[in-house]
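Each remark here refers to the structure printed beneath this line.
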Amino acid sequence: MLPHRDPIGQSPHSFLREVEKRSGENLNLCYQCLKCTVGCPTAPYMDIRPNSLIRMIQMGRKKEVLESSAIWLCVSCETCGTRCPNQIDIGVLMDALREMAVDEGIHAKEKNIHLLHEAFIQSIRRGGRVHEATMLIDYKLRSKDFFTDLLPGIKLFMKGKIPLLPSLVKGRGEMKRIFERCTKAK
Ligand code: SF4
Ligand code: SF4
């Protein structure tokens, strides 16, 4: 039987190899125990569960994987990597898949989610760690969606859960160099 070829035009093995190269994760170690998915806080909202995503990558289903909502709903909490008996870090894998989707010009189905990711990255770039207040203002300006979640945001602010002033990390010079190297590598 001829090997399955994804509509994007890659053989299953080349997609798997590319994902493994970009993420540094050995996905052939996965034996579908589901420990990642059971512990994942956003799995109930994903269109493809983390363990299934790995299986689909092994099968070369590039288009479905890169067009999935799952890769954008991962919050990089690292729970899956901690629970995995084979040390597969799906948070890192999701980063690689998001990068690949962006490179292929595939946009997230969820409205404005990529803008939130951009605001998040820029916040880290500025201070070395996320500062929620400025990140949210940045996101609101990018999306021009000024009223969604405004009330919960105000409540969190009033309770002191969103600090007004950023807490900057010491190694901001290093952070700057990391961002410069990432930009040059593109
Ligand atoms: S926990 Fe690890 S081995 Fe188990 S399904 Fe998830 S990725 Fe695969
Ligand atoms: S890192 Fe992503 S995939 Fe893994 S448990 Fe957290 S949200 Fe789920």
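None of the figures in this text is laboratory data; all of them are computed from the coordinates on show. Model, not experiment: these values are computed from the prediction. Heads up, the Cβs are rebuilt from the backbone with ideal geometry, glycines too, and the neighbour counts pull from every protein chain shown.
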#### Entry: Backbone HN-Hα couplings from phi across segment 124-132 [Karplus 6.51/-1.76/1.60, Hz, Gly and Pro as x]
5, 4, 6, x, x, 8, 6, 10, 4
### Message
Taking θ = phi - 60°, what integer Hz values does the Karplus form 6.51 cos²θ - 1.76 cosθ + 1.60 yield along segment 81-89, in sequence order, with x for Gly and Pro?
### Response
x, 5, 7, 5, x, 10, 6, 7, 9
## Note on the structure
Given 151-159, 59-67, the highest-first ranking by average Cβ count within 10 Å works out to 59-67, 151-159
#### Entry: Rounded to whole Hz, the Karplus (6.51, -1.76, 1.60) HN-Hα couplings of segment 31-44, x for glycine and proline
10, 6, 7, 6, 4, 5, 5, 4, x, 6, x, 9, 4, x
### Query
Going down the list 111/144; 109/184; 62/140; 63/144, which pairs span over 20 Å between their C-alpha atoms?
109/184; 62/140; 63/144
### Message
For a test of the definition: using alpha carbon positions, the gyration tensor, and the 1.5 limit on a/c, classify segment 69-138 as rounded, prolate or oblate.
### Response
oblate
## Note on the structure
Dimensionless Rg/Rh of the chain, both radii on Cα and Rh by Kirkwood, sits at 1.00
### Task
Can you tell me the 0 to 90 degree angle between the C-alpha axis of helix 90-103 and the longest principal axis of the chain, rounded to 10?
90
### Task
Divide by every residue of the chain the summed helix terms, -39500 (n - 2.57) for each DSSP H run of at least 4, and state the resulting mean residue ellipticity at 222 nm, rounded to the nearest 500 deg cm²/dmol.
-16000 deg cm²/dmol
### Query
Is the shape of segment 113-185 best called rounded, prolate or oblate, per the rule: a/c under 1.5 gives rounded, else a/b larger than b/c gives prolate, else oblate, with a ≥ b ≥ c the square roots of the Cα gyration tensor eigenvalues?
oblate
### Query
If you line up the long axis of helix 172-185 against the longest principal axis of the chain, both from Cα atoms, how many degrees apart are they, to the nearest 10?
40
